[in-house]
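The next block holds one structure in the form of structure tokens; read it before the comments.
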Amino acid sequence: MSRAGYAPNKVTYCALIAALGREGPRGGEGSVQAFELWKELEARNVELDAAAIRTGMKACVGVGDLPAAEALLSGLLSGAHPAPPDARAFNIVLSGHARAGDVEGMERTLRALCAADVPASDVTYNTLVDGYARAGRPAAARDVLASAAAAGRRLGARPHASLVHAAAAAGDAPALGAALEAMAVGGLPRDAMTWGALVGGAAARGDLATARADLREMLAAGHAPSHALFNGLLGACGVARSPGAAREVLADMRRAGLEPRRDAYLALASGLARVGMWHAVLDTWSEQHRRGVAPDVRMHTLLTQAYGRVGRLQDAARHYEAALAPGSAGGGGGAAAGAAGRGAAAAAPPCAPLPRGPRGIPVVDLAPHNAMVDACAQCGDLARGREVLRAAVAAARAAGRPPPVEGYGALVAGHARARDVRGAVALVRAFHAGGGRPDAQMLDTLATLCVRTGEFRMGMQALRALERMGVEVDKSKYRQLLEGGGRGAGEAGKAASRPLLANEHLERLKFWLGLPNNYYEGGWGGTRGGGQE
């Protein structure tokens, strides 16, 4: 267009933004490019009509920048643009909040719509139902459906299916019955989407028997289930610690004419990993490999962690290398480790360029690095873990991100298992100095280590940091460590023969935990402000 001597105008920009926003998943490369084009158009200072503003709002919502979308809506409401907003503008912002399950943002947008005296559309009601359902509030979603019916709106099956899923997931029998009854009264058939909501909701609450019974009814009614439906059921089997049920679901899947794909095995393995069934994760990978289904980078990452958890560091390293190899994100390196983790990673084809974030910075996946750090820490190879962590920190810095709390936390836990206080403290300090913010798990690990090893001053500092984060510390755990049954009890006894300052830190900790102590009797409480660090 430029070579032909034509400069892109507002219409050109908006057409490109709209087309890119429809490409790929929300938040993907197309959404990022659409957002960047919108920022270019804004910078040109051309007059934008309501349609162009709505296009920009969609671009902002596409990358999750809801404050920017709300600012554009406020501009329409302020009269800065010639055309007043209609329900479409409000619905765009509402959809962003609904997708995130942000009830407060939804209700704020709804109040603005009412204040502007703009009538709600069918899309408004549909979006509200979906948002409340995602937020796990089936009663509120049911109220919206009732309001729509009172306003003479006849909504389709989708919002009812959203309510069915939320009610089934919450085990809210009255809300579930009301939703199904409303569908029957409205003449809406129980279609595949509704059946899928019933199955998915039961699976989400861990009721595998009901989920599978609903699935059988769905098949008997002649509805074809989707891959996504089976994947959710497989994930629920994993979380329920039921590999046997998962095998039956995989058989059901094949009988329904759907061959399990890599996302099916990943869903099952992820569910098993959530409950620590690492050997079952490896069994899942063996079945996937036997079926000739290539893993992607997410499965390689999960296997890196799984092999580390069972003490097989070399196998973990092979999957880590495969996860970083070009093409792994697209499924390259499918023979990376064999059914039992044997063999070298196969050469993989070049992968596509890394996706970019809203500022044009490549999006780097730190999960493989974090998984390998965890594997090294679990297997006691802390030196190798530090090398991998340095690579993760460098990748994060190149992408403009803070150091990974997961990697640092895993290595701190490794030092804790080795009872290495100095190494654990050094890691926490390095993490903080690099711009990271220790999370509750990291600080709790450090505090537990320090109390167990008699480093009461550092333990008290970690506990106080947890309090400043607003975390409710489980004081009973630390009392048990000091009073009896825990290794800290022996360290507390040894502290009695240590110099006076060591006793002070022990007595200060006991005072904070509410245990019998001589903190004030020793004169420390009166001179140091009642035990404050």
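The values are calculated or read from the model by the stated rules, or taken from the named source; none is laboratory data. Since this is a predicted model, take the numbers as computed values, not measurements. FYI the Cβ positions are ideal-geometry reconstructions off the backbone, even for glycines, and counts take in every protein chain you see. Ligands, DNA and RNA are excluded from the accessible area calculation, which covers all protein heavy atoms including side chains. Shrake-Rupley method; radii C 1.70, N 1.55, O 1.52, S 1.80 Å.
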* **Net charge of neighbours whose Cβ lies under 11 Å from the Cβ of Ala424, counting Lys and Arg as +1 and Asp and Glu as -1** => +2
* Cross-link partners among lysines for Lys10, C-alpha distance below 30 Å, same-chain residues fewer than 8 apart left out? -> Lys39, Lys58
* Structure fact -> Computed over segment 209-305, the distribution of all Cα-Cα distances in 5 Å bins, rounded to whole %, is 3, 14, 27, 26, 17, 9, 5, 1, 0
* With the other protein chains left in place, how much accessible area per residue, in square angstrom, belongs to segment 69-182 at a 1.4 angstrom probe? -> 45
* Asked: How do Arg479, Arg508, Arg205 stack up against each other in accessible area, from largest to smallest, with a 1.4 angstrom probe?
  -> Arg205, Arg479, Arg508
* Distance from a point 7 Å along Cα→Cβ of His227 to each backbone N in segment 241-265: keep the residues under 16 Å and list them by number. => 250, 253-265
* Structure fact -> Shape call for segment 99-187, from the Cα gyration tensor axes a ≥ b ≥ c (a/c under 1.5 means rounded, otherwise prolate when a/b beats b/c, else oblate), comes out oblate
* Just read off the accessible area of Cys114 with the full protein assembly in place, 1.4 Å probe, to the nearest 10 Å². => 90
* Calculated FRET value between Ala139 and His432, using beta carbons and R₀ = 35 Å, to 0.05 -> 0.20
* To do: Express the carbon and sulfur contribution to the solvent-accessible surface of segment 169-291 as a percent, rounded to the nearest whole number, probe 1.4 angstrom.
  => 55
* Return one whole number: the accessible area per residue of segment 386-440 in Å², for a 1.4 Å probe. => 51
* Using the alpha-carbon centroid of each, what span in Å lies between segment 225-291 and segment 119-166? -> 32
* To do: Lys and Arg at +1, Asp and Glu at -1: add these up for the other residues within a Cβ distance under 11 Å of Ala221 and post the number.
  => -1
* Asked: Where in segment 364-389 is the amide nitrogen less than 17 Å from a point lying 7 Å along the Cα-to-Cβ axis of Arg419?
  -> 380
* Could you give the nm distance between label points at Arg254 and Arg479, where each point is 7 Å from its Cα heading toward the beta carbon? -> 5.6
* Asked: Arg452 accessible area, nearest 10 Å², 1.4 Å probe?
  -> 80
